[in-house]
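Data first, discussion second: the structure below is written as structure tokens.
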Amino acid sequence: MSQIDNEEHTWALIAWIIPLVGGILGIIIKPNSNYVKHWSYLSITFGLVIIVIDVILGILSLATFFVPFLFIIFKIIGYLFDIAFLVIWIIGILRERAMLYWKPPVLYDFAKMMGAP
């Protein structure tokens, strides 16, 4: 593994802290850094997963608005996903600060499909 300088470390953190947008910025500003690209692709994937799941759960919540039991179930599922996203986000921050190439199972598979190093 090559040495990671402070600027790459900072841009990788920015990429992860701001899902989707931070990842795009990281790729644009540090295109030659594999470390920044790794975290940028993870960030873009993480942002897209958050958006897709929230949209799906939002549509299901709206579709079941007049069925209180199902509406409450979908709202609870949405809150559980939000907590899971927060935990993954915090773990990602800790892994990036430790300068690790973190490969969370599903996120990294999608990031690889997009071209992650």
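The values are calculated or read from the model by the stated rules, or taken from the named source; none is laboratory data. All values derive from a computational prediction rather than experimental measurement. All Cβ positions, glycine included, derive from the backbone under ideal geometry; neighbour counts span all protein chains shown.
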Mind listing just one residue for me: the one in region 40-64 that is in contact (Cβ under 8 Å) with a residue 24 or more places away in the chain and among the aliphatic types (A, V, I, L, M) and, of those, surrounded by the most Cβ atoms within 10 Å (Cβ to Cβ)? L42
So N32 ticks every box in (1) farther than 20 Å from E8 by Cβ; (2) over 19 Å from the mean Cα position of the chain (by Cα); (3) exposed (fewer than 12 other Cβ atoms within 10 Å of the Cβ) but one. Which box is left unticked? (1)
For region 72-88, pairs from a residue that is under 13 Å from I50 (Cα atoms) to a residue that is in a helix (DSSP H, G or I) and hydrophobic (A, V, I, L, M, F, W, C), with Cβ under 7 Å and 6 or more apart or across chains, are G78/L57; F81/I53; F81/L57; F85/I50
One residue is enough: does region 65-73 have a residue meeting the conditions crowded, with 17+ Cβ neighbours inside 10 Å and in contact with a helix residue (DSSP H, G or I) (Cβ under 6 Å, 6 or more places away or on another chain)? no
All but one of (1) touching a Phe, Trp or Tyr at 6+ places or on another chain (Cβ under 7 Å); (2) part of a helix (DSSP H, G or I) hold for A116; state the number of the condition that does not hold. (2)
Please pick out the residue among L13, L57, L62, L25 that is in a helix (DSSP H, G or I), under 20 Å from L107 (Cβ atoms), of a type in the set (A, V, I, L, M) and at pLDDT below 95. L57
Inspect all residues belonging to region 77-86 and state whether any of them is among the aliphatic types (A, V, I, L, M), closer than 20 Å to I27 by Cα and within 12 Å of the chain's Cα centre (by Cα). no
Considering region 92-117, residues that are aliphatic (A, V, I, L, M) and under 18 Å from L20 (Cβ atoms), and then whichever is surrounded by the most Cβ atoms within 10 Å (Cβ to Cβ), we arrive at A111
Yes or no: K37 surrounded by fewer than 17 Cβ atoms within 10 Å (Cβ to Cβ) and outside any loop (DSSP other than H, G, I, E, B)? no
Cβ-Cβ distance below 6 Å, separation of 6 or more or different chains: which pairs start in region 14-37 with a residue that is in contact (Cβ under 8 Å) with a residue 40 or more places away in the chain and closer than 15 Å to V49 by Cβ and end on one that is small (G, A, S) and surrounded by 21 or more Cβ atoms within 10 Å (Cβ to Cβ)? W16/S43; W16/G92; P19/S43
